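Only one structure is covered here, and it is reproduced in the block below.
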Amino acid sequence: DVKVTQSSRYLVKRTGEKVFLECVQDMDHENMFWYRQDPGLGLRLIYFSYDVKMKEKGDIPEGYSVSREKKERFSLILESASTNQTSMYLCASHADEKLFFGSGTQLSVL
Amino acid sequence: RKEVEQDPGPFNVPEGATVAFNCTYSNSASQSFFWYRQDCRKEPKLLMSVYSSGNEDGRFTAQLNRASQYISLLIRDSKLSDSATYLCVFEYNFNKFYFGSGTKLNVKP
């Protein structure tokens, strides 16, 4: 089975802090994604990466950056956390038309 | 206009009932279609892909209507364990996925 692991299940940060969300997949997938999920809005794509050091903006990239130095790891960075970034963050990898999600990180920014 | 529209529900049905959800999409160039299931406080997981000719997996049947731009999911003989949120997903332009906000299903004993 594909395993996508997100480093933290719950995270509480203060406004202005720099936040790192880590995601690791063990199936050598090229494509990886970061989404956020908010009630009533569904999943929205923040960034995706189709190879090491390759990245593309999704629909809501503002306030975020990403890093993909190794194929298995895709990191989401909040440069200066704000309260409107309080959300559930889901990482996914993709192969054979399937998206495999991590268990999510519920981030609260106070 | 949202790319994907789904009735949020909740749909409250008794065990054994048949229930159906629809999901409309606005981008006619959408290429692939899926239903995902998401349990409370868990990640989404693929339930089934949706093919042009329609497809069935046990008690679940998925249909695609390209002319009217919607997909549907039919669940027969509902079980308590079917209680979850069902997300429709469209793939457009390789690797660009649009998610509906989900339809919540509660199956009652």
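The set of residues in region B:12-47 being more than 27 Å from residue A:105 (Cβ to Cβ) and among the aliphatic types (A, V, I, L, M) consists of B:13, B:17, B:19, B:20, B:29.
Any residue at all in region A:97-110 that is closer than 17 Å to residue B:93 by Cβ and aliphatic (A, V, I, L, M)? Yes, some residue in region A:97-110 is closer than 17 Å to residue B:93 by Cβ and aliphatic (A, V, I, L, M). Quick one: would you say residue B:82 is more than 11 Å from every other protein chain (Cβ to nearest Cβ), over 13 Å from the mean Cα position of the chain (by Cα) and not polar (S, T, N, Q)? So residue B:82 does not fit the description; no. Count of region A:80-102 residues, restricted to those that are modelled with pLDDT of 95 or more and either among the charged types (D, E, K, R) or in a loop (DSSP other than H, G, I, E, B) (or both), is 5. Every listed requirement among (1) touching a residue at least 24 places away in the same chain (Cβ under 8 Å); (2) among the polar types (S, T, N, Q); (3) within 14 Å of chain A (Cβ to nearest Cβ); (4) over 21 Å from residue A:35 (Cα atoms) is met by residue B:101 save one, (4). One residue alone among B:21, B:90, B:60, B:33 is within 12 Å of the chain's Cα centre (by Cα) and surrounded by fewer than 18 Cβ atoms within 10 Å (Cβ to Cβ), and that residue is B:60. Residue check: is residue B:90 hydrophobic (A, V, I, L, M, F, W, C), assigned to a loop (DSSP other than H, G, I, E, B) and within 14 Å of another protein chain (Cβ to nearest Cβ)? Against the criterion (hydrophobic (A, V, I, L, M, F, W, C), assigned to a loop (DSSP other than H, G, I, E, B) and within 14 Å of another protein chain (Cβ to nearest Cβ)), residue B:90 does not qualify.
In this structure, residue A:104 does satisfy being within 10 Å of chain B (Cβ to nearest Cβ) and under 11 Å from the mean Cα position of the chain (by Cα).
The values are calculated or read from the model by the stated rules, or taken from the named source; none is laboratory data. Quantities reported herein were computed from a predicted structural model and do not represent experimental measurements. Reconstructed Cβ throughout: ideal geometry from the backbone, glycine too, with neighbour counts over all protein chains shown.
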